[in-house]
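The values are calculated or read from the model by the stated rules, or taken from the named source; none is laboratory data. Source: prediction; values computed, not measured. In this analysis, Cβ positions are derived from the backbone assuming ideal geometry, glycine residues included, and neighbour counts consider all displayed protein chains.
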Amino acid sequence: MKIKVGVIFGGRSVEHEISVISAQQAIAAFDKNSYDITPIYITKTGKWYTGDALLTVDNYRNTDSLLAQCTEIYLTPTFGDFTINAVQSSIWKSRELGKIDIAFPIIHGTNGEDGSLQGLLELKGIPYVGCDVLSSAIGMDKIMMKMVLKESKLPVVDYTWFTDRSWHMDKDAIIENIKKIGFPVIVKPSNLGSSVGVSKAADEAALIEAVELAGRFSSRILVERMVVDLKEINCSVLGDSANQTASVCEEPLGAGDILSYKDKYVSNTKGGSSKGMTSTKRQIPANIPKEQTQLIQELAKETFRILSCSGVSRIDFLVDKKDNKVYVNEINTIPGSLSFYLWDATDKNFAQLLKTLIDVALKRQRERDNLVVSYGENIFSMGGAGGSKSGKS
């Protein structure tokens, strides 16, 4: 029996198009002898669709034409119901289109990578690939992630954070606090990836401009010390909180000192169609000493473990070339292109990576099925003050 996989992508996110590309890459790589794939596309307005037209990336040039070839769908809120239902105007038409055994979220950014979609799947009891609600939420929020990693004694650069409301109410005090970190600094929205809304500031005027930009994307803003003489190194981790394996390291080669959205996804395209993270200029394996490679791989696995991650993630590091000190920068719990290019350079092709991800997800579900989530007894049927908590019986 083939495993029925629902690949969920798109979403209400500024990284919508990148999600489409990552999903296309994954769907094409699945072993079709072992898996039946159902594409589930979430539009920028939040509607869900399925259909074979979703499997051709060029169709996304005209969304209206694409959706006209697809079927709008919905999932019931019933626990244990893995049915995909068609949205129909007539009650006499069949509404059931099929079922899935497992969901595979490939939505980057908000409303997908941040734990919200994972929460929906858990409420329905659908097994799913990747990080759970907690690790997704922490991994997505750069501020919370740095707090957890710093508390766990992992190396992170000096930082501060504030809300857009506090910025407008007490700007001068916040600026003075940032000056203690020292210019230049990097300013980021707390919960976006792909370098969206990220900029550097070398002085107070540039800082104000950078904060205003970040505030367009998030109400919580992170400011951190900029590593001036910088080398960026990335490493992917595969597994769960009990067992982790690290990939080879890569060095992204951006056009500037911040690897921009354009560097990652728009450069090196042919015919206007981006190849996702595979289009980024990179050196694999990274040209760094063996000891530094091993340190980064261990820090990557420890970051993955501390955040209780599952599936595949990519952890990005900053190396200060002045003293060779390594800092954990951030984690991507649903990385662009699922970091398959790193695993291809390590010991797994894309199809093998996908199989491992499915196996890890099903293992987690089996473990969860053995946990107690509710009691069979009905306390209202018990004696003593009608079972009331206020009766203190």
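When the strands (runs of 3 or more DSSP E) confined to the range 165-246 are screened for residues that are among the charged types (D, E, K, R), at pLDDT 95 or above and in contact with a Ser or Thr (Cβ under 7 Å, 6 or more places away or on another chain), those reaching at least 1 such residues are found at 220-225. If you go through the range 136-163 and pick out every residue that is touching a Lys or Arg at 6+ places or on another chain (Cβ under 8 Å) and either charged (D, E, K, R) or assigned to a helix (DSSP H, G or I) (or both), you end up with 4. In the range 21-34, of all residues being in contact with a strand residue (DSSP E or B) (Cβ under 7 Å, 6 or more places away or on another chain) and crowded, with 21+ Cβ neighbours inside 10 Å, the one that is nearest to residue 353 (Cα to Cα) corresponds to 26. Would you confirm whether or not the range 40-55 contains a residue that is over 24 Å from the mean Cα position of the chain (by Cα) and in contact (Cβ under 8 Å) with a residue 60 or more places away in the chain? No, there is no match, as no residue in the range 40-55 is over 24 Å from the mean Cα position of the chain (by Cα) and in contact (Cβ under 8 Å) with a residue 60 or more places away in the chain. Right, residue 75: surrounded by 18 or more Cβ atoms within 10 Å (Cβ to Cβ), free of Cβ contacts under 8 Å to residues at least 24 places away in the same chain and either under 26 Å from residue 114 (Cβ atoms) or touching a Phe, Trp or Tyr at 6+ places or on another chain (Cβ under 9 Å) (or both) or not? No; evaluated as a whole, the condition is false for this residue. With respect to the stated conditions, residue 190 fails to be surrounded by fewer than 19 Cβ atoms within 10 Å (Cβ to Cβ), under 23 Å from residue 139 (Cβ atoms) and not β-branched (Val, Ile, Thr). Within the range 123-149, if we keep just the residues that are free of Cβ contacts under 8 Å to residues at least 40 places away in the same chain and under 22 Å from residue 238 (Cβ atoms), the residue that is surrounded by the most Cβ atoms within 10 Å (Cβ to Cβ) turns out to be 137. Scanning the range 41-53 for residues that are surrounded by fewer than 23 Cβ atoms within 10 Å (Cβ to Cβ) and assigned to a strand (DSSP E or B) yields 42, 48, 49, 50. A single entry from 341, 327, 375 fulfils the requirement of being in a loop (DSSP other than H, G, I, E, B) and over 20 Å from residue 240 (Cβ atoms): 375. Cβ-Cβ contacts under 8 Å between residues 6 or more apart (or on different chains), taken from a first residue in the range 93-112 that is assigned to a strand (DSSP E or B) to a second residue that is crowded, with 18+ Cβ neighbours inside 10 Å and of a type in the set (D, E, K, R), are listed as 105/113.
Let's see how each residue does on (1) farther than 30 Å from residue 188 by Cβ; (2) in contact with a strand residue (DSSP E or B) (Cβ under 8 Å, 6 or more places away or on another chain); (3) surrounded by 18 or more Cβ atoms within 10 Å (Cβ to Cβ); (4) modelled with pLDDT under 95:
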position: 299; (1), (2), (3), (4): no, yes, yes, no
position: 317; (1), (2), (3), (4): no, yes, yes, no
position: 334; (1), (2), (3), (4): no, yes, yes, no
position: 345; (1), (2), (3), (4): no, yes, no, no
position: 349; (1), (2), (3), (4): yes, no, no, no
position: 355; (1), (2), (3), (4): yes, no, no, no
position: 362; (1), (2), (3), (4): yes, yes, no, no
position: 378; (1), (2), (3), (4): yes, no, no, yes
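In the range 167-189, the residues that are assigned by TED's automatic domain parsing to the domain that holds residue 207 form Cβ pairs under 7 Å with partners that are aromatic (Phe, Trp, Tyr) and part of a strand (DSSP E or B), at six or more places apart or across chains, as follows: 174/162.
Across the range 2-38, the number of residues qualifying as in contact with a Pro (Cβ under 9 Å, 6 or more places away or on another chain) and in a strand (DSSP E or B) comes to 4.
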